Amino acid sequence: MKRILIDYKKLDHKVAAVLIDSYPYGYGDEDIITLKKPNGEIIEAVEVKTDDAIYLVKISKSLSKFISNFEENIEKELEKNVNEEAVLDSEENEFNNPELESDTDLETDSLY
């Protein structure tokens, strides 16, 4: 199984959802994995397991904000998509409404 070190900002939606499911109330000291890069830099990460890989998601101050705001942001994105689809549907129905008269249904005598 692959182990991938990644910043949370680069996670796809599927892995981000697994991250949120794994740490719904945030992460604790026992969840943190400490790694040392060859140049001596120390990286802290949390582990997220999927079927094909183990992601080590780098910890930063903004990661905890991301976890706490994830559900709110997803809801806003879904609501936005639903509203856009509703507008598109209403526009399509406006043009395909059989109750509206087409130009060919109008009598030409009434124009003169």
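Would you be able to tell me the number of residues in the range 19-40 that are open to solvent by 40 Å² or more (accessible area, probe 1.4 Å) and either touching a Lys or Arg at 6+ places or on another chain (Cβ under 6 Å) or not basic (Lys, Arg) (or both)? Final tally of qualifying residues: 14. Candidates Ala16, Ala45: the one that is modelled with pLDDT of 90 or more, open to solvent by less than 50 Å² (accessible area, probe 1.4 Å) and among the aliphatic types (A, V, I, L, M) is Ala45.
If a residue must be of a type outside the set (Phe, Trp, Tyr) and part of a helix (DSSP H, G or I), how many such residues does the range 1-15 contain?
Residues flagged as of a type outside the set (Phe, Trp, Tyr) and part of a helix (DSSP H, G or I) within the range 1-15 amount to 5.
Cβ-Cβ contacts under 9 Å between residues 6 or more apart (or on different chains), taken from a first residue in the range 16-45 that is part of a loop (DSSP other than H, G, I, E, B) to a second residue that is of a type in the set (D, E, K, R), are listed as Tyr23/Asp31.
The values are calculated or read from the model by the stated rules, or taken from the named source; none is laboratory data. Predicted, not measured: the structure shown is a model, and the values here were computed from it. Please note: Cβ atoms are built from the backbone with ideal geometry, for glycine as well, and neighbour counts cover all protein chains shown. Heavy atoms of the whole protein, side chains included, go into the accessibility calculation; ligands, DNA and RNA do not. Shrake-Rupley method; radii C 1.70, N 1.55, O 1.52, S 1.80 Å.
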